[in-house]
1. Can you say whether Ser11 is among the hydroxyl-bearing types (Ser, Thr, Tyr), surrounded by 13 or more Cβ atoms within 10 Å (Cβ to Cβ) and either assigned to a helix (DSSP H, G or I) or at pLDDT below 95 (or both), as far as the supplied structure shows?
2. In the set Ala129, Ala35, Ala55, Ala71, which member is touching a Cys at 6+ places or on another chain (Cβ under 6 Å) and touching a residue at least 12 places away in the same chain (Cβ under 8 Å)?
3. Checking Gly2 against (1) modelled with pLDDT of 95 or more; (2) over 18 Å from Phe138 (Cα atoms), only one condition comes out false. Which one?
4. Condition check: touching a strand residue (DSSP E or B) at 6+ places or on another chain (Cβ under 6 Å) and crowded, with 21+ Cβ neighbours inside 10 Å. Does Arg97 satisfy that?
5. Scan the stretch 29-75 for residues that are farther than 27 Å from Arg17 by Cα and part of a loop (DSSP other than H, G, I, E, B) and jot them down.
6. Within the stretch 93-127, work out how many residues are modelled with pLDDT under 95 and among the acidic types (Asp, Glu).
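The values are calculated or read from the model by the stated rules, or taken from the named source; none is laboratory data. What you see is a predicted model, and the numbers here were worked out from it, not measured in a lab. No Cβ is skipped: glycine too gets one built from the backbone with ideal geometry, and neighbour counts run over all protein chains shown.
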Amino acid sequence: MGEPDMSSGVSKARDKRRTTQTAVRALADEAIAAAVEKKAQGIVLIDMREVSGMADYFVVCTGDSDVQIKAIVEAVETRVRDRFRERPWHVEGADHRQWVLMDYVDLVVHIFTPERRSFYDLERLWGDAPCESIDSTFARISAG
């Protein structure tokens, strides 16, 4: 209940387009900086380019409460929009805040509760993809 419907994007995938030509890694870096700013835990960047055609990168992080998850979602959306004029193509799970999926076409941001993250374990599921752990200094580095 309240989980993103991973099958819904398949039929719509042909219509998916970003509105700008901003490099996807720049979008990912801005999403990461927003998550760090809102004290998300366990932030990782998964490079999906060699293992999947659904996105170039996943950003995965955890929020301790539905309030924090909401704040992370809002911060990601605001920073990416303000910096690059890019909006998510689709957002799922924002009402229930157990697992919010923000689809920016080439970038998918996953924001989980600790329980949902452990259950779905995307890092293990996509274990063949390079995975970079992000620490709290990232925001200072990328903010410049």
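1. Values: among the hydroxyl-bearing types (Ser, Thr, Tyr): yes; surrounded by 13 or more Cβ atoms within 10 Å (Cβ to Cβ): no; either assigned to a helix (DSSP H, G or I) or at pLDDT below 95 (or both): yes.
It is false that Ser11 is among the hydroxyl-bearing types (Ser, Thr, Tyr), surrounded by 13 or more Cβ atoms within 10 Å (Cβ to Cβ) and either assigned to a helix (DSSP H, G or I) or at pLDDT below 95 (or both).
2. Values: Ala129 fails: touching a Cys at 6+ places or on another chain (Cβ under 6 Å); Ala55 fails: touching a Cys at 6+ places or on another chain (Cβ under 6 Å); Ala71 fails: touching a Cys at 6+ places or on another chain (Cβ under 6 Å).
Among Ala129, Ala35, Ala55, Ala71, only Ala35 is touching a Cys at 6+ places or on another chain (Cβ under 6 Å) and touching a residue at least 12 places away in the same chain (Cβ under 8 Å).
3. (1)
4. Details: touching a strand residue (DSSP E or B) at 6+ places or on another chain (Cβ under 6 Å): no; crowded, with 21+ Cβ neighbours inside 10 Å: yes.
So Arg97 does not fit the description; no.
5. Within the stretch 29-75, Lys38, Lys39, Ala40, Gly63, Asp64, Ser65 qualify.
6. So the answer is 3.
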